[in-house]
Amino acid sequence: MKFFIDSANLDEIKEANELGILDGVTTNPSLMAKEGITGSQNIIKHYKKICEIVDGDVSAEVISTDYKGMIYEGERLADIDPQIVVKIPMTKDGLKAISYLAAKEIPTNCTLVFSVGQAILAAKAGAYYVSPFIGRLDDISTNGMILIHQIVNIYTNFMFETEVLAASIRHPMHIINCAEAGADVVTCPYHVITALLHHPLTDIGLEKFLADYRKGNS
Ligand code: E4P
């Protein structure tokens, strides 16, 4: 399973990369705005910086909502770096844009996916990744993990090549459950990645080992 960080914060991206576990990055307009990155030139510069830090795929989202605007923006984003994957929302125009970009061999990440039907359409259109949002479904009392299981199952049945990129991850159990479900990728906020590595028994065990070492060497 690939690990992506869901962030536009360069320090977080660097720190996650230094852990040696990072396979890529996803961003979205809200995450860019949170970092104060505005204006198309600054946004492009920021994507370049992210691509310099990380070796894997970097999702860059279009702002246009119409087909022509999406493909224009998608091609400009793809020109930034070969690592860029164009993130396109699951709409009618979005599907058309995904088909167009797939025919041009520009990889896409179909985002804002909340149903199995949407995931089937994304795969049929040739999306490289499909991003079902687990946390936002959980937020409205719908089990987001069930959606991941269903999509993985259907993609396996029909040998769709689209990779399942589980998004809107809120806590470590989402990551573990995605691994069990066979999701190809999880994209997680930095604090959720680090939450995976902590265990109180590790801390207690290390403290005891070091105390015994100090006793033996005093
Ligand atoms: C995925 O690509 C999105 O950027 C992200 O996972 C959305 O997560 P949120 O629901 O925490 O905003």
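Are any of the residues in the range 94-101 touching a residue at least 40 places away in the same chain (Cβ under 8 Å) and either touching a helix residue (DSSP H, G or I) at 6+ places or on another chain (Cβ under 6 Å) or within 15 Å of SER59 (Cβ to Cβ) (or both)?
Here is the first cut: in the range 94-101, the ones touching a residue at least 40 places away in the same chain (Cβ under 8 Å) are none.
No, the range 94-101 contains no residue that is touching a residue at least 40 places away in the same chain (Cβ under 8 Å) and either touching a helix residue (DSSP H, G or I) at 6+ places or on another chain (Cβ under 6 Å) or within 15 Å of SER59 (Cβ to Cβ) (or both).
With respect to TYR100, determine if the residue is under 22 Å from MET159 (Cα atoms) and within 16 Å of the ligand (Cβ to nearest atom). Steps first, answer last, please.
Values: under 22 Å from MET159 (Cα atoms): yes; within 16 Å of the ligand (Cβ to nearest atom): no.
Spelling it out, it is not the case that TYR100 is under 22 Å from MET159 (Cα atoms) and within 16 Å of the ligand (Cβ to nearest atom).
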Exercise for the section: Check whether at least one residue in the range 189-202 is more than 14 Å from the chain's Cα centre (by Cα), within 16 Å of the ligand (Cβ to nearest atom), exposed (fewer than 15 other Cβ atoms within 10 Å of the Cβ) and not hydrophobic (A, V, I, L, M, F, W, C), and report yes or no. Expected result: yes
Problem - CYS178 being within 21 Å of VAL85 (Cα to Cα), crowded, with 19+ Cβ neighbours inside 10 Å and in contact with a strand residue (DSSP E or B) (Cβ under 8 Å, 6 or more places away or on another chain) - result: no
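With the requirement that a residue be within 16 Å of the ligand (Cβ to nearest atom), over 15 Å from PRO189 (Cβ atoms) and without any contact (Cβ under 8 Å) to a residue 60 or more places away in the chain, what does the range 1-31 give you? I'd like the intermediate steps shown before the answer.
So in the range 1-31, the residues within 16 Å of the ligand (Cβ to nearest atom) come out as 1-9, 12-13, 16, 22-31.
Among the residues that remain, those that are also over 15 Å from PRO189 (Cβ atoms) are: 1-2, 23, 29.
PRO29, the sole residue that qualifies.
Just so you know, all these numbers are worked out from the coordinates, no wet-lab data involved. None of these values were measured; they are calculated from a predicted model. Virtual Cβ from ideal backbone geometry, glycine too; neighbours counted across all protein chains shown.
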